[in-house]
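Worksheet for the structure shown next.
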Amino acid sequence: MDVKSAFLNGYTNELIYVDQPLGFQDPRKPNHVYRLNKALYGLKQAPRAWYERLRDFLIMQGFKISKVNMKLFTKDINGELFICQIYADDIIFGCTNEKLRHEFGDMMSREFEMSIIGELNFFLGFQIKQVKGGIFIHQEKYCKDLLKKFKMDDCKPIETLMSTREHLDADVDGKSIDQSTYRSMIGSLLYLTTSRPDITSSVCLCACFQAAPKESHLTTMKRILRYLKHTPSLGLWYPESAKLEHLGYSDSDFVGYRVDRKSTSGGCHLLGRSRSKKQNCVALSTAEEEYIAAGACCAQILYIRQYLLDFGVVCGPVPLLCDNESAVKIAKNPIQHSRTKHIDTHHHFLRDHEAKGDIVLSRVRSKDQLADIFTKPLDESTFVRLQTELNMLDSSNI
């Protein structure tokens with residue numbers, strides 16, 4: 001559903017005065033100003049005022065706010081779970097009971113001016129297919145619009161994102177290019193990574209050179225767009241019958257960033273969340289950089305565990321798979337020795353949560369490491385195999 005003139009529903013807590021708008025001046029008091037009782041478009045406080053009005057109303061109706069996402073509201077009604085997600089003036093809601101869904105729509109329409117759009121199929125650039133076997137989320141339209149925006153809609157498609165022999169660096173002697181165009185490409189592609197985790201690593205690597213982009217960096221960016229031309233309709237498939245399994249993969253690429261010799265951390269979870277990020281410090285060994293990457297992945301696992309509690313799902317110890325045996329042993333061994341005493345204290349929270357039983361860190365074979373796709377360029381066969389294991393499908397197959 002969509003709220004009409006949403007920001008006009010909020011009440012202001014501050015004392016705010018505005019000039020008399022043209023066409024609405026009081027001829028008897030031309031020099032007076034108006035005092036606002038409600039929020040107005042253009043006020044910095046307007047979005048917050050609208051959110052507080054909506055939040056207070058939903059809480060009065062028995063909804064609870066998520067502890068990790070202040071825009072998510074849930075309600076348990078006689079064992080039926082009702083979920084309501086807010087994004088500015090757009091509201092997504094659903095329930096396991098059809099009658100309760102209609103009652104919620106009627107309740108909101110009585111309080112606010114609403115447009116009931118119907119079943120969710122398009123939202124913020126995301127296309128959602130709800131079929132009998134599950135839900136498919138993709139951004140095919142957004143992808144095609146992106147190619148058209150950067151005049152790449154007639155480019156020659158390519159089957160891989162980056163060559164395995166390609167290594168980006170600062171390219172100090174290279175020809176400089178327009179920063180605004182390059183940054184616009186980065187921003188557009190980062191939004192696409194939500195449903196296209198396969199491009200995350202390459203986009204994040206290119207994003208490191210936004211301060212002084214060169215032609216070589218733009219060439220790599222265009223190759224990503226050529227890959228999207230080849231695969232515009234890929235997306236994430238969530239099968240209905242699948243068993244809910246919270247499982248994490250952690251990996252890193254030693255000295256993957258050639259400019260300052262820092263490694264790249266990569267991680268993914270089988271609940272659809274992935275990440276690729278340059279580490280904050282220079283690792284002295286593969287064990288150290290894998291240990292740091294596993295710590296970052298552990299933080300994401302704890303976040304998702306907390307998120308699932310809002311839906312009434314309680315997770316036991318979550319398996320975290322790492323392909324470096326030394327990193328696994330460091331996490332399980334509380335003894336400090338010469339190889340680990342230089343590692344920052346905050347990285348050792350991985351060891352604490354391993355001891356508490358929140359996660360179970362274990363080794364996985366390198367060829368079975370799903371997080372490889374988030375750390376480095378891969379050959380085509382490996383890339384396609386990991387894509388499939390991430391539950392990425394073409395919309396034509398749904």
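Multiply the residue gap between ALA170 and GLN85 by 0.36 nm, knock off their C-alpha separation, and tell me the result in nm, one decimal place.
Working: separation 85, 0.36 × 85 = 30.60 nm, distance 4.17 nm.
This chain segment gains 26.4 nm when fully extended.
Given a cut-off of 32 Å, what percent of all Cα-Cα pairs of the chain lie beyond it?
Numbers: 38613 of 79003 pairs.
Tail of the P(r) past 32 Å holds 49 percent of the pairs.
With a 1.4 Å probe and all protein chains left in place, how much accessible area per residue does the chain have, in Å²?
54
Taking amide H positions as placed in the peptide plane 1.01 Å from N, state which residues far from TYR11 in sequence (5 or more) or on other chains have amide H under 5 Å from it.
Residues meeting the amide H criterion: ALA39, ARG53.
Provide the gained length on full extension for the span ALA299 to ILE59, in nm with one decimal, where the gain is 0.36 nm per separating residue minus the Cα-Cα distance. Each step should come with its number before you reach the end.
Details: separation 240, 0.36 × 240 = 86.40 nm, distance 2.95 nm.
That works out to 83.4 nm of additional length.
Of LEU244, LEU228, LEU190, which is the most mobile in a GNM of the chain whose springs link Cα atoms less than 10 angstrom apart?
Answer for the Gaussian network model of the chain: LEU244.
For the chain, modelled as a GNM with alpha-carbon contacts under 10 angstrom, which of THR220, THR96, THR382 fluctuates the most?
Of the options given, THR96 has the highest mean-square fluctuation.
Could you sort 383-391, 251-259, 27-35, 362-370 so that the peptide with the highest average Cβ count within 10 Å comes first and the rest follow in order? Each step should come with its number before you reach the end.
Working: 383-391: 16.6, 251-259: 20.4, 27-35: 9.1, 362-370: 14.3.
Packing proxy ranking, top to bottom: 251-259, 383-391, 362-370, 27-35.
When the distances between all Cα atoms of the range 140-285 are binned every 10 Å from zero, what whole-number percent does each bin get?
Reading the bins upward from 0: 10, 37, 35, 15, 3, 0.
Take the solvent-accessible surface of the protein heavy atoms, probe 1.4 Å, and return the percent of it on the chain that carbon and sulfur atoms account for. Provide the component values of the computation, followed by the final result.
Numbers: 11210 of 21550 Å².
Whole-percent figure for carbon plus sulfur exposure: 52.
Could you put TRP50, TRP237 in order of accessible surface area, largest first, with the 1.4 Å probe and the full protein assembly present? Working shown, then result.
Numbers: TRP50 5, TRP237 50 Å².
From most accessible down to least: TRP237, TRP50.
Which distance in nm do the two modelled labels at LYS156 and ARG258 give, with both placed 7 Å along the Cα-to-Cβ direction?
2.4
Tell me the Kirkwood radius of the range 221-307: reciprocal of the mean inverse pair distance over distinct alpha-carbon atoms, in Å.
Value: 14.9 Å, from the Cα pair sum.
Ordered by residue, what ³J(HN,Hα) values in Hz, to whole numbers, does the range 288-295 give under the Karplus form 6.51 cos²θ - 1.76 cosθ + 1.60, where θ = phi - 60° and Gly and Pro are x?
In residue order, the calculated couplings are 5, 5, 5, 5, 5, 4, 5, x Hz.
Expected output is a single nm value to one decimal: the length gained when fully extending between ASN397 and LYS71, i.e. 0.36 nm times separation in residues minus the C-alpha distance. What is it?
114.1 nm
Compare LEU308, LEU189, LEU43 in a GNM of the chain, Cα atoms joined below 10 Å, and give the one with the largest fluctuation.
In this elastic network of the chain, the residue with the biggest mean-square fluctuation among LEU308, LEU189, LEU43 is LEU43.
Give the calculated FRET efficiency between ILE92 and THR388 to the nearest 0.05, with a Förster radius of 25 Å applied to their Cβ-Cβ distance. Don't skip to the end; give the middle numbers.
Numbers: r = 29 Å, r/R0 = 1.14.
Rounded to the nearest 0.05, the efficiency is 0.30.
The values are calculated or read from the model by the stated rules, or taken from the named source; none is laboratory data. The structure presented is a predicted model; accordingly, all values stated were derived computationally and were not measured. Note: ideal-geometry Cβ built from the backbone for every residue, glycine included; neighbour counts use all protein chains shown. To get the accessible areas, we keep the full protein, side chains included, count just its heavy atoms, and leave off ligands, DNA and RNA. Shrake-Rupley method; radii C 1.70, N 1.55, O 1.52, S 1.80 Å.
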